[in-house]
Each structure stands twice: as structure tokens, then as C-alpha cells.
């Protein structure tokens, strides 16, 4: 049977890998949604559709595949995505990157853009991610930093938090640390490291792992804060992990302090 136009077009498309950053404060998350156009994905896809002459055509629109979906208010320093263009031969990689940046709002910026292998997929090929959560412990919040950190106007026992974090490192079932407890997919993940960086009144907790569940980093952080407040102990955290019961874990802290820092690939 003769090859369809769609099949032929798919074969002629060029795949791109894009690294970009964004301030998620005013967006309803990364992923395109049916009830709002105020998403980071849609802002970028709309520009790509115009660039590739697909905005007012019957051709399927450009799809942006990110390494993961960040929630409303979450930021990214090194988000990765891939997309495919039909008319790639008309443009250099630099031209495409500059074109996208020229139409993006100031709180979204493409850092690099290169051609990728046809089978490269930003989410499926990712082997690890690093998230950082920023906590400000000064008595009064810094008004210029409230969008990028959690204000916690009292000191935290970081030594106790480190002991509790040690209980979380490794391969475990993290069902107690997700707000999507009804998921039928595996909730087993591997956390390679949890590190703490204190500088003045700022505490940054970094999580590196093979992947993270819905709200997982924010709930882990909320639980570790309880430890830092001496409301629960490191052994309690181990029990919460073993319980697989979301009700026993700490709160899901605000998205403001969360940054996707890096996505890793082989």
C-alpha cells in the first residue's frame, strides 16, 4: 500500500533537543491544559507552530515533549524538551532558538537548541533529575525572594534533617510521598542523594534521583521540615516510608521554593 502523506511527513521531520528555563510564578504549570492557555508548554508550542507554518493549516500541530511536568508556581533552571519540525531545512539551529526567544515572555528563555536523534525523547530517555528546594529562615521574609523560596521564620535543625534524609536515599516505594495515591503505576523510585546547602538564612535541599512522583519533592521537603522543627524524628520518617500512607507524611509545601535544576541523559 502506498505510503500516506502523514507517514511521509513524519519521516521527513527533524527532531530537536531544547534546554530552557522559566519562572513558573504566573503560570498554571508546564503542561498544556484544556481549561487554560496560561501554560509554559502552550506559550512555546504556539511560537513553534507559527515558525513551522502549522498555525493555520490542517497539519497536526507541533508537540513539545518535556522531561517532566512541573506544577503551577514551580520554576526550572534546566528543563529539557524535544519537538519535531517539518520545515527544518529552512532554518539553522541558532535561528530557531533566537526566533523562539524573540516571541517568548521575559520569564521563559531557551538556553540551547540542537538537532537530536530521531528517537530522542526528553522524558523517556531521561536517566536522572535534580530538584532543589529553597527555604528562607530569616525572621521576616525578603520581599524580593518570596516568589523563589519558602519563608520559614525560625531556624531548623539541619543535622536532624540530614539523618532523616539518609532514611530516604535508595530504592523505595514512595507511595506515602505522593498526592496521587490512587495511581496504578509503580511508585517505586530511586533517590541517589539528598544534600543540604546552608548559606546565611537560606537552606537549599537538593534531591537527585531517577524520577519523582506527583508532588513528591514538595512532600519530602514538608516532612524533613517537621524533622527540623523536632516534631517528628528520623526513625519516624523511616516508618512513614514503610507505611506507604500519605496521611502520615508531612505537608506538601508551597511550589514557590522548588526548582528543576538539571535533567540527565546517557
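No lab work stands behind these numbers, since they all come straight from the coordinates. Because the structure is predicted, anything quoted here is derived from the model rather than measured. All Cβ positions, glycine included, derive from the backbone under ideal geometry; neighbour counts span all protein chains shown.
Volume per residue for the range 5-115 equals 103 cubic angstrom (convex hull of Cα atoms).
Give the calculated FRET efficiency between residue 46 and residue 163 to the nearest 0.05, with a Förster radius of 45 Å applied to their Cβ-Cβ distance.
Working from the Cβ atoms, E equals 0.40.
Put in line by how crowded their Cβ is, counting other Cβ atoms within 10 Å and starting with the fewest, 13, 216 read 13, 216. Taking every DSSP helix (H) stretch of at least 4 residues in the chain, weighting each as -39,500 (n - 2.57) and dividing the sum by the residue count yields a mean residue ellipticity at 222 nm of -7000 deg cm²/dmol.
In summary, the convex hull built on the alpha carbon positions of the chain has an orientation-averaged projected area of 16.7 nm².
A convex hull fitted to the Cα coordinates of the range 127-265 yields 100 cubic angstrom per residue. Among 185, 231, 43, 115, the ranking by other beta carbons within 10 Å of each residue's beta carbon, starting with the fewest, stands as 185, 231, 115, 43.
Annotation: the residues 194, 44, sorted from fewest to most other C-beta atoms within 10 Å of their own C-beta, follow the order 194, 44. Length gained on full extension, residue 145 to residue 63, computed as 0.36 nm times the residue gap minus the Cα-Cα distance: 26.2 nm. Each label point was placed 7 Å from the Cα along the Cα-to-Cβ direction; for residue 106 and residue 89 their separation is 4.1 nm.
Taking a ≥ b ≥ c as the square roots of the Cα gyration tensor eigenvalues, the range 91-132 comes out oblate, since a/c reaches at least 1.5 and a/b does not exceed b/c. For the range 157-218, the alpha-carbon coordinates run over 42, 19, 18 Å along the three principal axes, in decreasing order.
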